[in-house]
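**Q** Before I ask anything, let me first share the structure, which is written out below as C-alpha cells.
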Amino acid sequence: MEESIEQKEKEKQEEQMINQAFRELLDDYLATKHRKRVEIITKAFNFANQAHKGIKRRSGEPYIMHPIAVAKIVCNEIGLGSTSICSALLHDVVEDTDYTVEDIENIFGPKIAQIVDGLTKISGGIFGDRASAQAENFKKLLLTMSDDIRVILIKIADRLHNMRTLGSMLPNKQYKIAGETLYIYAPLANRLGLYKIKTELENLSFKYEHPEEYKVIEDKLAATAAERDKVFQEFTAPIRVELDKMGLKYHILARIKSIYSIWNKMQTKHVPFEEVYDLLAVRIIFTPRSLEEELNDCFDIYVAVSKIYKPHPDRLRDWVSHPKSNGYQALHVTLMSNNGQWIEVQIRSERMNDVAEQGFAAHWKYKEGGGSEDEGELAKWLKTIKEILDDPQPDAIDFLNDIKLNLYADEIFVFTPKGDLKTMPQNATALDFAFSLHTDIGFHCIGAKVNHRLVPLSYKLQSGDQVEVLTSKSQRVQPEWLGFVTTARARNKIASSLRKESKANQKKGEKLLADFLQKESMSLDDVVLNKLCGLHSMKDRDELLEAIGCGKVVLGDADRNLFKERQGTNWKKLLKFSFGGSSKESKDTPAEEKKSLLPVSGKINTKQILKLTDETIQKSYIMADCCHPIPGDDVLGYIDEKGQVIIHKRQCPVAVRLKTSYGNRIIAVEWDTHKELTFLVTIYIEGIDCMGLLNEVTQIISRQLNVNIRKMDIETTEGIFEGRIQLYVHDVDDVRTICNNLKQVQNIKLVARVEN
C-alpha cells in the first residue's frame, strides 16, 4: 500500500515536471516573432507525451523530457517556428513506438510528416547502433537535408541535447558519440552558421574525451577571469566614448576563446595555456541607422576604432562585403592594445549577429511566413553534396572524409576572366577551381593562368586571384591529382573517373590474359593468378589485370617459363599452398604470437562487441603505430576484424575516424602498468644556443631523472637551436617531469612531447 502511494506521488511529480517544461517551451515560442500556432504545438506535445508514456531515459527521467528539450533548442537557439517545434516533439515517435509516418501525416499534415520521416530514416547507422550501415545512413541524412534543411537542424538540436546529457551513458558510448559529434556534427553546425552550437558541441566532446585536461583549462580560465575583465574594461572605454559621439545604439561584449579551441592551439603550437594570447576578443553589436546604411556603419566603426588603436595590417577580414557561404557577415579587425597585446574586434549589426548566432539556414529558404527562394551559397553547397551522393563511394571512411572536406573550410574569393566572383575553400588549387566551373573542364585541365601568369594545376589560389583555366582535349585524369585537390567535388569526380578507367583496364587485361593462357593450353584460375601476382609484384588480382590492360605488364617469356616450372610441380602441394591447406592442417599450424606488451583492463559489455570473449579481449591489446600511446594518455580500444584490440589516443585522427564509422567496436580501457614497462617518446626542444647547453640537457635527463636516451638530433641556425630527443619513459608523468625540468633551463624556450 505504501509503495502504491509512493508510486502515485512520484508519477504526480513527474507529470508536474513535464507540464512545467512544456509551459516553458510555449512561453519561449510566444516570445518569438513567428505566427502563434499554439494549438498544433500543444496537439504535438499531447500526442508525443501519450506515445512515450511510461518510458524512461537512461538518466531515469521521463522520455518525453528529451523531445521537449530538443524543441526548446530548435525554438530558442536555432530560431525555427511551429512546424519545426512540432517535428522536434514528434521526432522519436515513429522510431520508438507503433505509430507510423502515415499516422503523423493524417494527424499533423504532410510537411511535419516529411520532416519526421527524414529524422526517422537517419536514426540508425552513424547516428545509432548499426555499425555496418553508417555511411549509408549519413548519405540519407544529406539527401533529406537537401530536400528540407530543417531535418538536419532538428538533428543537430537532438545531438546537442544528447551531448548535454551524455554523463549518464557508458564510457565506450561516450567516446563513440563524442567522436561522431566532433567529426560530423560540429562541422555541420559550423557550415550551417550555428557558431554557438558548434562551439558547445566541440567543448562537450572534448570534456568527455579528455576530462582532466578540460578541468585544468576551465580552472585556469576562471583564475584569470578578473585580469581579462580589467583588460576588457580598459580596452573598450575609449571605444565607447567614440561610438557615443557617433550617436549609435550599440553594446560591446567580451568573447572568450572556447576551451576546445584553447586546447587545440596548445596542441598544434606546442605552447602552455599561459602563452595562448588571443583568449579575449571584443564584439561590437550595433543597431544600424537604416538598412541601407548598415554596411557604411560597419566601416565607420572600423575607422573610429582604428584611430584609437593601431590595426594589424594583415588581419582585416571583410565578411561584410563578401559574406561567408553560410551567411556569416562581420568585419574583423585586430588592434594593438595599450598593454602591447593584439585584440580582435568583431563588428556586427544586430541582423548580422542573429545570423551568426542562429545560423543562416534558419533565415534562408524556410523562414516561416515566407522566405527567399534565391540560389544562395548554401543552396549551391547542398547541390554539391547531392552530386557527391550521386556517385557511390566504395569505402565508408573515404565517403565521410569527402563530405567533411567541404564542411569546415574557410573561404577565399577568386575571380573568373570576366570578373565574376567565385567562393572557394581555403587552400583550393587551380584544378579545384576548374572542377568548380564544370566537370569536363576539370577532366581536361592542363594548367591555369593566375593574374595572367602561367601556373601548374597544383597552384594554391589566394583571395583576389583572377583565374583562367587552360584545357586540352587530349588530357586525361591522372592519379596524382588526388594528392593535391582539396574540394570534395573535385576529389569525388577524379576518384570516380579513375575507378571507371581501372574497371575498363581490368576487363581488357582479363581478356588479354585469357587469350595468352589459351595459347599455352591453360585456363584462368586462382592458382595461375596468384603465381602471376608473385612474379610481377602485384598485391592482388585486380592490380595485375589492370596493369596488363594498361600495358604496364606485357605477358611474355618470363610468364611462359613460370608455367613450365609448374608442370613439374606436385599439383596437390600447389593447391594446398595456394588455398591454405585443410582445416586440420590450419589447426596444427601455430598461430602468429599476438603482441600483448600491455596489461590493460577493459570494462565492456561483451554482448556489444562482436561475440568476443572477455579472455580474448584481455590477452590481445596492441599499441597503435599511428599515435604511439603511453600509460597516462587518454586512450580507447578499437576491436579490429581479427578480434584484437588496438589502443589509440582519443584525439588520434585515425581513432576519430574509427569512432565515427565503427562506433560499436569502440571500448573503454584503463591503464594498469605500475611503471613496469618503458615506452619510446619524442621530446621537442627549442631555444637560444649557448655553451654547455647540450651537456645540461643530458645531465637532467640521464643523471637527475635516470631516463635512457635512445637518440638526439639537435640543429643550430643563427644562434637558435631546435632538437628532438627520443627517450624511454614509463608513463605520461615521466614526460611531464622531464618537460618541467627542461623548462627550468634558462635558454630553453619551448619543450613539448611530439609524435615519434
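**Q** Could you work out how far apart the two model spin labels at Cys690 and Glu14 are, taking each label as a point 7 Å from the Cα in the direction of the beta carbon, and quote it in nm?
**A** My value for the distance between the label points is 7.0 nm.
**Q** What GluC sites (Glu not before Pro) in the range 291-365 are in a loop by DSSP, with at most 15 other Cβ atoms within 10 Å of the Cβ?
**A** Here no loop site has a sparse enough neighbourhood.
**Q** For the range 679-756 and the range 233-303, what is the centre-to-centre distance using only Cα atoms, to the nearest Å?
**A** Cα centroid of the range 679-756 versus Cα centroid of the range 233-303: 39 Å apart.
**Q** Continuing with this model, one more query. Assuming R0 = 41 Å, can you tell me the calculated FRET efficiency for the pair Arg58 and Lys33, based on Cβ-Cβ distance, to the nearest 0.05?
**A** Once the sixth-power term is evaluated, E becomes 0.65.
**Q** Considering only DSSP states other than H, G, I, E and B, which chymotrypsin sites (Phe, Trp or Tyr not before Pro) in the range 223-318 qualify as loop sites with at most 14 other Cβ atoms within 10 Å?
**A** Here the sparse-neighbourhood loop sites are Tyr277.
Readers should treat all values here as calculations from the given coordinates under stated rules, not as data from a laboratory. On a predicted model such as this, the values are computed, not experimentally measured, just so you know. Note: ideal-geometry Cβ built from the backbone for every residue, glycine included; neighbour counts use all protein chains shown.
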